[in-house]
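The values are calculated or read from the model by the stated rules, or taken from the named source; none is laboratory data. Predicted model only: the values in this text are computed from it and were never measured. Quick reminder, even Gly has a Cβ in these numbers, built from the backbone with ideal geometry, and neighbours come from all protein chains shown. These accessible areas exclude ligands, DNA and RNA; they are computed on the full protein's heavy atoms, side chains included. Shrake-Rupley method; radii C 1.70, N 1.55, O 1.52, S 1.80 Å.
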Amino acid sequence: MTSLSTFTLPDHTQLPESDGTFVKNWQEHPQSILLTDSITPVLEQLHPDSQYCIGQDLGIYWRLTDPPEKGAEAPDWFYVPNVPPTLEGKMRRSYVLWKEYVAPLIVIEFVSGDGREERDKTPPSSQGEVGKFWVYEQAIRVPYYAIYEVLKEQVEVYHLVDNTYQILQANERGHYPITPMGVELGIWQGRYQNAELPWLRWWDAQGNLLLTGEERAEVERHKRERIVEKLRTLSPEQLNALGIDAQMLD
């Protein structure tokens, strides 16, 4: 029998990073990128020391099993506050709870089927099977769990209260406040990466849509164009008084 003094729990470099299955939903990757890109400025303000981690289809190991990957859940998107973004200068292959201890603040699943898998509350069985909902609620204890169903154009958000998930009610904007992050989660109908779809997106606490880097650049471009158009209405003398060469506006 191995003693506790000699037994070492595996870390992210010693555990499988994939169970070998294909991505079930073609929208998963652009949707994950959209969530990450638009929330990054907020997280940088929340974590000026850069101590946070975002996982996209990354396994969260919460128990030891044989085979090891049976002891992991791989959410489509999750955020962990107050942990280093890399480990010993390397990107994580997985997120191992018994090595890092800090649970994700929010986990988001994108439904590919009928939603039963994402809402499965089955506790662990002797065969090793366990429901995804049960794992997030009872084992990992994720404070916020969101289930996004693109076909139904809806998102369902749960908040952990007294060790039990309570479904959140939408606010007057139809959004779901994720209070510790100072943001709201909801559905936005629009075009992203050449696809017109109901996308899952973030808003700030005042209801302003959090933009992607490309959207922010587009807003700045329009601002500059409006400024140039206003300057073109001024005379050369007025431009000169502002220190602007009229030829620069051509």
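Considering only residues of the stretch 125-153 that are assigned to a loop (DSSP other than H, G, I, E, B) and in contact (Cβ under 8 Å) with a residue 60 or more places away in the chain, which is surrounded by the most Cβ atoms within 10 Å (Cβ to Cβ)?
Going through the qualifying residues, I end up with VAL142.
Count, please, the residues in the stretch 77-109 that happen to be modelled with pLDDT of 95 or more and within 30 Å of PRO198 (Cα to Cα).
Residues meeting the conditions: 13.
What is the number of the single condition among (1) more than 18 Å from ILE106 (Cβ to Cβ); (2) modelled with pLDDT under 95 that GLU149 does not meet?
Unmet for GLU149, out of (1) more than 18 Å from ILE106 (Cβ to Cβ); (2) modelled with pLDDT under 95: (1).
What residue, of TYR95, TYR79, TYR136, is among the hydroxyl-bearing types (Ser, Thr, Tyr) and either farther than 24 Å from ILE167 by Cβ or touching a His at 6+ places or on another chain (Cβ under 7 Å) (or both)?
Checking each option against the conditions leaves just TYR95.
From (1) modelled with pLDDT of 95 or more; (2) among the hydroxyl-bearing types (Ser, Thr, Tyr); (3) under 18 Å from PRO75 (Cβ atoms), pick out the condition that doesn't hold for THR164.
Single failed check for THR164: (3).
For the stretch 75-113, which positions are surrounded by fewer than 21 Cβ atoms within 10 Å (Cβ to Cβ), aliphatic (A, V, I, L, M), closer than 21 Å to TYR144 by Cβ and touching a residue at least 24 places away in the same chain (Cβ under 8 Å)?
If the condition is that a residue be surrounded by fewer than 21 Cβ atoms within 10 Å (Cβ to Cβ), aliphatic (A, V, I, L, M), closer than 21 Å to TYR144 by Cβ and touching a residue at least 24 places away in the same chain (Cβ under 8 Å), then VAL83, LEU97, ALA103, LEU105 are the ones that fit.
Okay, residues lined up against (1) at pLDDT below 95; (2) assigned to a helix (DSSP H, G or I):
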| site | (1), (2) |
| --- | --- |
| THR13 | yes, no |
| GLU17 | yes, no |
| PHE22 | yes, no |
| LEU35 | no, yes |
| LEU43 | no, yes |
| GLU69 | yes, yes |
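Mind checking which residues of the stretch 185-214 are part of a loop (DSSP other than H, G, I, E, B), open to solvent by 20 Å² or more (accessible area, probe 1.4 Å) and touching a residue at least 12 places away in the same chain (Cβ under 8 Å)?
Of everything in the stretch 185-214, those that are part of a loop (DSSP other than H, G, I, E, B), open to solvent by 20 Å² or more (accessible area, probe 1.4 Å) and touching a residue at least 12 places away in the same chain (Cβ under 8 Å) turn out to be GLN193, ALA205, GLY207, LEU210, LEU211.
If only one of GLU156, GLU218, GLU225 is surrounded by fewer than 11 Cβ atoms within 10 Å (Cβ to Cβ) and over 26 Å from HIS47 (Cβ atoms), which one is it?
Criteria check complete, one pass: GLU225.
Sort out which residues of the stretch 210-225 are of a type in the set (Gly, Ala, Ser) and within 24 Å of HIS175 (Cα to Cα), and write them in order of number.
GLY213
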